Amino acid sequence: SVRTLQGFARADLTGESFADKFIAGGFQAKFWDTVILAALDGTKDFAGAMRTKRVTSLKKLVVGLCNFYASHELEAAIQKLKIGDSADGSGSTLAWDEGMAFYYGSEPDGTEAAFGEAAEYDADFQGNGSLAVSIEIVSQFNAGLHFVRNSTANLTNAIGARDTIYKLWALTYIRAALKYVELSETSYDGKVHAEGFAWYMAIDGFVASYHASAAKAMRDALNISKPSVSSGTFCAVRDQILQALPAMGLDCKALGTYKDSTLTATCPSVCNVSTSLHLPAGRSPAAKMNASASSNLDCSMAAATAAANAAAKETTPISAAVSFSGASVPLMAFSLAAWATVWI
């Protein structure tokens with residue numbers, strides 16, 4: 001069946017643990033559809049926003065959406081495991097692999113998807129014992145696959161790997177939010193602001209479910225309708241986030257400090273954690289399954305057709321190129337019809 005970005009955004013994932021964190025944090029089930037349509041149409045918080053803010057937000061929001069949908073596949077894997085549907089190449093193993101695929105993307109180095117963002121912000125926050133998400137999360141995906149396979153199935157451990165992955169996602173997007181709040185405060189730029197807004201959207205509801213005031217502080221700081229970020233904002237939201245981390249099973253040492261920060265040293269809150277964060281043990285890659293590879297499916301023609309359909313429907317071009325399936329798919333039209341035709 002055809003999968004579209006709007007199909008992901010409109011999927012009601014109520015009852016799944018990651019999506020339920022967002023709902024518990026005050027988000028509507030289909031919040032992704034609402035915010036992306038607003039960016040496309042230039043309405044709601046994007047009313048009157050400069051083009052750069054809208055384009056940048058769209059590019060990052062789509063990555064966040066695919067990351068969100070990756071959680072759906074991990075949740076599906078857990079549910080399939082519960083009913084014994086765990087044979088290699090189908091059921092829980094297939095669903096878990098799809099979760100990794102949505103997170104990692106189609107590029108060999110993962111740079112065009114959420115994994116690439118993890119690596120980027122690892123580099124920005126490296127040193128002094130901070131956790132390298134892009135390394136740790138691969139071992140957790142490996143562990144989860146091991147525990148949803150029929151021969152090595154373990155429901156408790158599979159859930160543990162899933163929940164650890166969610167924590168690691170939080171670490172990545174909190175780092176991004178802190179970086180861009182600081183940069184926006186020190187020298188405001190609409191593109192930088194939009195990056196912070198969009199990346200934080202990927203984890204906002206998750207944070208809110210654990211610490212509502214911290215989530216609101218960051219959300220308010222990065223509100224896309226704001227024309228600037230006022231002095232003192234970074235230290236205020238950083239203080240709130242540091243308070244929220246333990247509730248999420250994280251800490252300030254694992255988070256680290258932005259390597260080019262000029263404001264952290266001026267903030268009253270300091271990190272006094274000395275021990276390294278304890279996470280469930282990851283694993284090396286699972287053993288290969290005994291099955292012949294299927295033929296590769298080339299989606300480039302379908303992607304080109306979808307892009308042409310979107311272009312035909314456009315009113316004002318916005319051209320936010322997104323690459324996931326090996327083809328560059330433009331999000332071009334400020335319309336529901338165009339949003340619905342974009343393939344992934």
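Before moving on, here are some points about what is shown:
- Of the listed requirements (1) in a helix (DSSP H, G or I); (2) touching a strand residue (DSSP E or B) at 6+ places or on another chain (Cβ under 9 Å); (3) acidic (Asp, Glu), GLU107 misses just one: (1).
- Matching residues, the range 63-78, being closer than 15 Å to ALA158 by Cβ and touching a residue at least 40 places away in the same chain (Cβ under 8 Å): SER71, LEU74, GLU75, ALA77, ILE78
- Residue count for the range 115-138, restricted to those that are at pLDDT below 95 and part of a helix (DSSP H, G or I): 0.
- If you go through the range 90-139 and keep only what is open to solvent by less than 40 Å² (accessible area, probe 1.4 Å), β-branched (Val, Ile, Thr) and under 15 Å from the mean Cα position of the chain (by Cα), you end up with VAL133, ILE137.
- The range 13-29, residues that are loosely packed, with under 14 Cβ neighbours inside 10 Å and either among the polar types (S, T, N, Q) or under 16 Å from GLY64 (Cα atoms) (or both): THR14, GLN28
- Close Cβ contacts (under 7 Å, 6 or more residues apart or on different chains) running from residues in the range 266-293 that are farther than 29 Å from ILE159 by Cα to residues that are aromatic (Phe, Trp, Tyr) and modelled with pLDDT of 90 or more are absent.
The values are calculated or read from the model by the stated rules, or taken from the named source; none is laboratory data. Treat the numbers as computed from the prediction; the structure is a model and nothing was measured. Every residue, glycine among them, receives a Cβ derived from its backbone with ideal geometry; neighbour counts consider all protein chains shown. Side chains included, ligands, DNA and RNA excluded: accessible areas come from the protein's heavy atoms. Shrake-Rupley method; radii C 1.70, N 1.55, O 1.52, S 1.80 Å.
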